[in-house]
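Here's the structure, in C-alpha cells; my notes come after.
The values are calculated or read from the model by the stated rules, or taken from the named source; none is laboratory data. Model, not experiment: these values are computed from the prediction. A quick note on method: Cβ atoms are made from the backbone with ideal geometry, for glycine too, and the neighbour counts reach across all protein chains shown.
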Amino acid sequence: MFDIIPDIHADIDRLERTLAALDAPLAFLGDLIDAKKGGDDLAVLTRVRGLVEGGALAIMGNHELNAALFHRGLRDDTEDNRKQHRSFLRAFGHSTPEALVWTDWFLTLPLWLDLGGLRLAHACWSEPDIATVAARRPDGRLHADDLPEIGAESTPFGRAVKRIVSGPEVTLPLGQFFVDGGGKRRTEVRLAWWRSDAATYRAAALSVPDPGEIPDMVLPDGVRAEIYPADAPPVLVGHYKMTGAPQVSGNAASLDYPAAPCAYRWRGEAALLDAGLVLV
C-alpha cells in the first residue's frame with residue numbers, strides 16, 4: 001500500500017489538499033520546488049522533509065537536480081535558468097547557506113524506487129540508465145562529487161542521470177521538425193516511452209502542439225528499445241505536464257496533470273487502474 005504524489009512545485013495548498021485525501025504510506029515523485037507563479041518553497045520543503053523523516057518516501061526530480069547544479073555554479077546563471085528557479089531563489093537566495101542546506105538534502109533523495117511490484121522514477125524508468133547509475137551508486141543516491149559530471153553530461157553516467165529525471169528525447173528523421181509552444185522549430189521530440197504500443201514517431205511523440213507535424217514513420221529499432229515493455233512491472237512518473245483528464249490504465253503512466261491535480265492509490269495491483277486515481 002502506497003499513495004503516490006506527483007509534482008507539487010512549491011504549491012503548499014495543493015500539497016495539503018492532496019495529503020488530506022490520502023491515507024496510506026506516502027511516496028513523492030519529485031519536483032517539490034520551483035513554482036511558475038507565487039509558491040512557497042520553504043513551506044513545501046519543510047512539510048515534505050518532516051514527512052520523509054517520519055517514514056514517507058521521496059525521489060529526486062529534475063528541478064531538485066537542476067537546483068543542486070545551479071547553486072554550485074554547475075548550471076549556467078542565465079535568465080531562463082533563473083526564471084525556472086525563481087520561487088526557490090526568492091525563498092533562499094543564490095548559493096546562500098540556506099540554499100546549499102536544502103540542495104544537500106536533495107542529494108539524499110534517490111533517483112528511483114522499486115517498491116516491490118511498483119516502480120517510481122521522476123521522468124523515465126530505463127533499465128540501461130538505471131544499471132549505469134547503480135554500478136556506481138547502488139541505492140540511486142547521488143554524491144556531491146558526481147555533480148560536475150552530470151552538469152556537463154560528458155559521460156554515460158551523467159547522461160543516464162539526466163534521462164532518468166528528464167526523460168528521453170529522439171531526433172526526428174533528417175529534414176523533419178515541429179514548432180513548439182514558444183514558436184521555436186525543434187528537430188528533437190520528447191518520447192512517450194510508456195506507450196508500449198507506439199510504433200511510429202507520431203505515436204511516440206510527446207508535448208507537441210500539432211502532432212500532425214511529426215512524421216508517421218516507423219521508429220527505428222534503437223528508439224523502439226527505449227519503449228517500456230508491456231509485460232514489465234507497473235511504473236509511475238511525474239514530470240510531463242499532461243493535459244486532459246487523468247488516466248493511467250496500463251503498466252506505465254505519468255501522474256503530472258497540473259490542471260487536474262491527482263494522486264494514485266496503489267494497493268498491490270499488477271497493472272495500473274484508473275480506479276486508483278484520487279482527484280484532488
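Say we look at segment 95-118 and pick out the residues that are among the aliphatic types (A, V, I, L, M) and over 14 Å from residue 29 (Cβ atoms); which of these is surrounded by the fewest Cβ atoms within 10 Å (Cβ to Cβ)?
Ranking the qualifying residues of segment 95-118, first place goes to 101.
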Q: Filter segment 188-202 for residues that are surrounded by 14 or more Cβ atoms within 10 Å (Cβ to Cβ) and either free of Cβ contacts under 8 Å to residues at least 12 places away in the same chain or of a type in the set (Ser, Thr, Tyr) (or both) and give the result.
A: 196, 201
Q: Please find, among 27, 68, the residue that is touching a helix residue (DSSP H, G or I) at 6+ places or on another chain (Cβ under 9 Å), in contact (Cβ under 8 Å) with a residue 12 or more places away in the chain and not in a loop (DSSP other than H, G, I, E, B).
A: 68
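Residue check: is residue 121 under 18 Å from residue 254 (Cβ atoms) and surrounded by 12 or more Cβ atoms within 10 Å (Cβ to Cβ)?
Considered against the rule, which asks whether it is under 18 Å from residue 254 (Cβ atoms) and surrounded by 12 or more Cβ atoms within 10 Å (Cβ to Cβ), residue 121 comes out as yes.
Every residue in segment 223-271 that is polar (S, T, N, Q) and closer than 16 Å to residue 164 by Cα, please.
Here is the first cut: in segment 223-271, the ones polar (S, T, N, Q) are 243, 247, 249, 251, 254.
Selection gives 254 alone.
Being modelled with pLDDT of 95 or more, on the phi > 0 side of the Ramachandran plot and touching a Ser or Thr at 6+ places or on another chain (Cβ under 9 Å) is the filter here; which residues of segment 13-55 pass it?
Within segment 13-55, the first condition is being modelled with pLDDT of 95 or more, and the residues that meet it are 13-22, 25-35, 39-55.
Still in the list and also on the phi > 0 side of the Ramachandran plot: 30-31, 34, 39, 55.
Residues satisfying the conditions are 34, 39.
Within segment 123-136, identify whether any single residue is in the same structural domain as residue 29 (by TED's automatic domain parsing), under 24 Å from residue 39 (Cα atoms) and either in contact (Cβ under 8 Å) with a residue 60 or more places away in the chain or not in a loop (DSSP other than H, G, I, E, B) (or both), and answer yes or no.
Quick first cut of segment 123-136, residues in the same structural domain as residue 29 (by TED's automatic domain parsing) only: 123-136.
Next, from what is left, pick out any that are under 24 Å from residue 39 (Cα atoms): 123.
When the remaining residues are screened for being either in contact (Cβ under 8 Å) with a residue 60 or more places away in the chain or not in a loop (DSSP other than H, G, I, E, B) (or both), the result is 123.
Yes; the residues of segment 123-136 include at least one that is in the same structural domain as residue 29 (by TED's automatic domain parsing), under 24 Å from residue 39 (Cα atoms) and either in contact (Cβ under 8 Å) with a residue 60 or more places away in the chain or not in a loop (DSSP other than H, G, I, E, B) (or both).
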Q: Considering only segment 240-278, state which residues are farther than 23 Å from residue 37 by Cα and in a strand (DSSP E or B).
A: 250, 252, 253, 264, 265, 266, 272, 277, 278
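Yes or no, residue by residue, for (1) closer than 19 Å to residue 112 by Cβ; (2) surrounded by fewer than 14 Cβ atoms within 10 Å (Cβ to Cβ):
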position	(1), (2)
215	no, no
223	no, no
237	yes, no
249	no, yes
